[in-house]
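Trainee: Pasting a structure below so you can have a look.
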C-alpha cells in the first residue's frame, strides 16, 4: 500500500502555466464540466464517512477507504478546483461550493446505501465505471494539454478504485451468497442513477454563482446539462464501459455473448439518451 501511495501523482506534477488559456477560457461547456466535477469530488469526505460506518468491523475495507480512496478523491477535487482558478479566476468557487455542499449533504445518507455490503460494493463498481467513463470522455473532448493530462490521471485513479471495490465485492459475494439476478438488479438501478441529483445539484450551484440572473432559469440549466451530457456521450468508449459494468456478473463466456447485446442496449439508453 505504501508503495502505491508513494507512486501516486501529486497536484504539483501538473504544470498549470502550460494551460492554453485562450483556447478554453471562452468554452462555457468545458467550464461547467470541470467546475461541476470539482464540486462533487470535493464533497467525497461526506460519503466516505457513510461507507466507513457501513463497513465498520471490516478493517481492510475501512482502512483503504480512509487512507487511500478518500485522499485521492479529495485530491481530484483540489486539482480540478486549481484548474478552474487558473482559467476562470473570477469564478467564486468557494462561495458556490458552500451552497452546493449544504444541499449535497442531504443526499449523502447511510440509509441510501444498498441493503447489503456485497450489493453496495456492486453499486460502487457501477459508480466508478461512470466516473472513469466521464473523465476518459473529458480527456478526449479537449485539445488543451493540461486538462487532458489531469482528466486522464483521474480516470486512471477511478479504474484503480474500481479494481479495489471489485476485489472486496468478490469476497462479500461469497459470504452473502449473492446470485447474479440480485447483482444485475443493483447494476441496473445504479446505472439508471448515474445521471443523478449530484450532477443536477452541482450545475444549479455553478450557474447561481456564474450567472446569478439565470439561477431560476430551469430551461437554461437543462440546456447546459444536455450540452454537458452530449460532450460525454460523444467521447464515450462504450466497449470499455460495458466491460466494467458486466464484470461483477462474472458470466461464463457463452452466456456473456448472449446477454452482452441487451445490456449494451440498456447501457447506451442510459449513457446516450
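Only the coordinates and a few stated rules stand behind these numbers; no lab work does. Quick caveat, the model's predicted, so the values are computed rather than measured. Glycine gets a Cβ as well: all are built from the backbone with ideal geometry, and neighbour counts include every protein chain shown.
Trainee: Find the Rg to Rh ratio for region 2-272, where Rh is the Kirkwood radius over alpha-carbon pairs and Rg uses the same atoms.
Mentor: Working: Rg = 18.7 Å, Rh = 19.4 Å.
My calculation of the ratio gives 0.96.
Trainee: Next up: Helix-only estimate, please: 222 nm mean residue ellipticity of the chain, summing -39500 (n - 2.57) across DSSP H runs of length 4 or more and dividing by its residues, to the nearest 500.
Mentor: One gets -24000 deg cm²/dmol as the mean residue ellipticity at 222 nm.
Trainee: Calculate how steeply helix 117-141 sits against the longest principal axis of the alpha-carbon atoms of the chain, using the helix alpha-carbon long axis, and give the answer as 0 to 90 degrees to the nearest 10.
Mentor: Compared with the principal axis, the helix lies near 40 degrees.
Trainee: With labels modelled as points extended 7 Å from the Cα through the Cβ direction, what inter-label distance (nm, one decimal) is found for residue 163 paired with residue 214?
Mentor: 4.1
Trainee: What is the gain in length, in nm to one decimal, between residue 260 and residue 170 on full extension, counting 0.36 nm per residue of separation less the C-alpha to C-alpha distance? Walk me through the numbers before you get to the answer.
Mentor: Values: separation 90, 0.36 × 90 = 32.40 nm, distance 2.10 nm.
Length gained, residue 260 through residue 170: 30.3 nm.
Trainee: Continuing with this model, one more query. Determine, for 11, 203, 187, the number of other Cβ atoms within 10 Å of each Cβ, and report the residues in order from fewest to most.
Mentor: On the way: 11 14, 203 20, 187 25.
Result, fewest neighbours first: 11, 203, 187.
Trainee: Roughly what angle does helix 93-104 make with the longest principal axis of the chain, taking Cα atoms, 0 to 90 degrees, to the nearest 10?
Mentor: In the chain, helix 93-104 runs at an angle near 40 degrees to the longest axis.
Trainee: Give me the extension gain from residue 59 to residue 82: residue separation times 0.36 nm, minus the current Cα-Cα distance, reported in nm with one decimal.
Mentor: Here the answer is 4.9 nm.
Trainee: Mind checking the angle between helix 180-192 and the chain's longest principal axis? C-alpha axes, 0 to 90 degrees, to the nearest 10.
Mentor: Orientation of helix 180-192: about 10 degrees from the principal axis.
Trainee: How do 134-145, 17-28 rank on mean C-beta neighbours within 10 Å, highest first? If you can, show how the numbers build up before the last one.
Mentor: Numbers: 134-145: 19.7, 17-28: 13.2.
Peptide ranking by packing, descending: 134-145, 17-28.
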